[in-house]
Amino acid sequence: MEKYIEVERAQALILEDCRACLPLEKVDLLAALDRVLGEPVTAFTDLPMQDNSAMDGYGLRAAETKSATPENPLRMPVVAEVPAGTFWPGPLPVGTAVRIMTGAPLPPGVDAVIRREFVEEFEREIVLAEAVPVANDIRRAGEDIQKGELVLAAGVRLTPAAIGMLAAVGRPFVSVVRRPRVAVLATGDEIVDFHQSPEPGKIRNSNSFSLAALVRQAGAEPQIFPLTPDRPEAIRQALLAAVAVNDLVLTSGGVSMGDYDFLQEVIGALPQAEIRFWQVRMKPGKPLLYSRIGDKPVLGLPGNPVSTMVAFEQFARPLLRKMAGWPENRLFLSKARARLLEDLPSAGNRRHYIRGIRGPDADGKLTVKSTGAQGSGILSSMVRGDCLIVQPAGAAGIQAGSQVEIELLDY
């Protein structure tokens, strides 16, 4: 077991144990949103499937409009109307036009469309004051996607635009990486269910719900387990039940050095378990425990609410993304540089993740300030914050006006 390690080392140990993403499953399109595609998708047909009008207007033969000028306008009879969703078989008589709507297939003989606002319209006739070029305002078959073309590669995350593309090429179901199943397990004699009125010395259980919300926001499926008291046997039974039906177990509390912090002792006594590290050089979130029970990872997060959430962002979210098939360069929170609006005291010998609020200055450049008091129990700092200011370990105080790194909490 490694102890009191750097953040990057802890992240590496966790991620290197996750050697492959979870199995694939076939789901309908809306259920695939934000999931990772498990297989390549190719087009069965051209998209669009046929030449069609890009605008509401009039379809005609471009060559027949060459003589049209403002001084000598051209009059053309309108012989038919082609709404979207219909097809007019034609053929188009010489010297005539058809009224056509956006998306309607081009009738035989039509090779250009002129928008209705560019002509004078009468009941069954239009007047053109200029020539219309060939292919004007026409969408060609296969202009977007051609038959047999790769539409989406395996490994891409399915955005709303990708979902629309899958529908457009006729794929009602797709294979995606299964969502990770995550057990959320809060321990401690001092916590009670959130709907109860706490007695003196007790607090409501917020960690289970903030963690479950983070898990769900990260695209995984949380399962909140009943509150577990500070008794080794109760913790052991809860852990074994959690790993039996989940891909990852997140616990909160019981990982520090108190007389009633039993998590490390309980896991260490399990024959199929291995503790990989304990304690990380970060603030908040130092008393973090990472272990495996069989082939299931267990992240023992600190009990203080802010510590729990910050540790989730640094360690659990990247792991969940890797399980879900995200690419290596998208596992961690997005980063940016911002101008600090206030002085920060020294971080000591641990990296400090300061809850921050970002915004633009008068010139539109990114700035950041802290949310205020930074105690690990001040949950409101996470509510107000939209980023984490990363203050390196060992750094002297940082002066206002300095450029600092921030991690974006863009949920």
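The numbers here are math on the coordinates, done by the rules we state, and not lab data. Because the structure is a prediction, the values reported are computed rather than measured. Using ideal geometry, Cβ is built from the backbone for each residue, glycine included, and neighbour counts are taken over all protein chains shown.
Considering the chain as a Gaussian network with a 10 Å cut-off on Cα pairs, which listed residue, 258, 59, 285, attains the greatest mean-square fluctuation?
In the Gaussian network model the winner is 258.
When you have a sec, figure out the Kirkwood radius of the range 6-64 from all distinct Cα pair distances and drop it here in Å to one decimal? Intermediate values should be presented prior to the final figure.
Values: mean 1/r = 0.0565 Å⁻¹.
Averaging 1/r across every pair of different Cα atoms and inverting gives 17.7 Å.
List the pair-distance distribution P(r) of the range 209-264, using every Cα-Cα distance, as the percent of pairs falling in each 5 Å bin from 0 up to the bin containing the longest distance, rounded to whole percents.
Percent of Cα pairs in each bin: 4, 18, 27, 23, 19, 8, 2, 0.
Binning every alpha carbon pair distance of the range 1-143 at 10 Å from zero, what are the percents per bin?
Values per bin, smallest distances first: 10, 29, 17, 10, 10, 9, 8, 5, 1, 0.
Which residue fluctuates the most in the chain, going by a Gaussian network model with Cα springs under 10 Å, if the choices are 94, 266, 249?
94
So if the hydrodynamic radius of the range 254-360 is defined as the Kirkwood radius over C-alpha pairs, what does Stokes-Einstein give as its diffusion coefficient at 10 °C and 1.306 mPa s, in µm² per second? Mind showing how you got there, number by number?
Details: Rh = 15.9 Å.
Stokes-Einstein gives a translational diffusion coefficient of 100 µm²/s.
Quick one: Cα centre-to-centre distance for the range 250-284 and the range 30-49, in angstrom?
Using only Cα atoms to place each centre, the spacing works out to 43 Å.
For the chain, what is the mean residue ellipticity at 222 nm derived from helices alone (per DSSP H run of n ≥ 4: -39500 (n - 2.57); sum divided by total residues; nearest 500 deg cm²/dmol)?
Working: 8 runs with 70 residues, N = 411.
After summing the helix terms and dividing by the residues of the chain, the value is -5000 deg cm²/dmol.
In a GNM of the chain with a 10 Å cut-off on Cα contacts, which of 300, 359, 90 has the highest mean-square fluctuation?
It is 90.
Which percentage, to the nearest 5, of the DSSP beta bridges contained in the chain is antiparallel?
Values: 57 of 84 bridges.
Counting DSSP beta bridges with both partners in the chain, the antiparallel share is about 70 percent.
List, largest first, the extents of the alpha carbons of the range 65-173 along their principal axes, each in whole Å.
Each principal axis gives a Cα extent; for the range 65-173 these are 59, 26, 22 Å.
So what is the relative contact order of the chain, in percent, for Cα pairs below 8 Å that sit 6 or more residues apart? Before the final figure, lay out each step's value.
On the way: 952 pairs, mean separation 67.0, N = 411.
Normalised by residue count, the contact order of the chain is 16 percent.
Quick one: what do you get for the range 335-408 if you divide its Cα Rg by 2.2 N^0.38 Å?
Numbers: Rg = 11.6 Å, N = 74, 2.2 N^0.38 = 11.3 Å.
Dividing the Cα Rg of the range 335-408 by 2.2 N^0.38 Å gives 1.03.
Work the Kirkwood hydrodynamic radius out for the chain: mean of 1/r over every pair of different alpha-carbon atoms, inverted, in Å.
Values: mean 1/r = 0.0387 Å⁻¹.
Over the chain, the inverse of the mean reciprocal pair distance is 25.8 Å.
Using the Cα centre as the reference, give the magnitude of the dipole from point charges on the C-beta atoms of the range 6-56 (Lys, Arg: +1; Asp, Glu: -1; all else neutral), rounded to the nearest 20 debye.
On the way: 4 positive and 11 negative charges, 44 e Å.
The dipole magnitude comes to about 220 debye.
Once you've got the Cα coordinates, tell me which of 202/283; 147/322; 283/365; 26/322 are over 23 Å apart.
On the way: 202/283 25 Å; 147/322 33 Å; 283/365 28 Å; 26/322 19 Å.
As for pairs spanning more than 23 Å Cα to Cα, those are 202/283; 147/322; 283/365.
Return the whole-Å distance between the Cα centroid of the range 137-200 and the Cα centroid of the range 318-368.
One Cα centre to the other: 25 Å.
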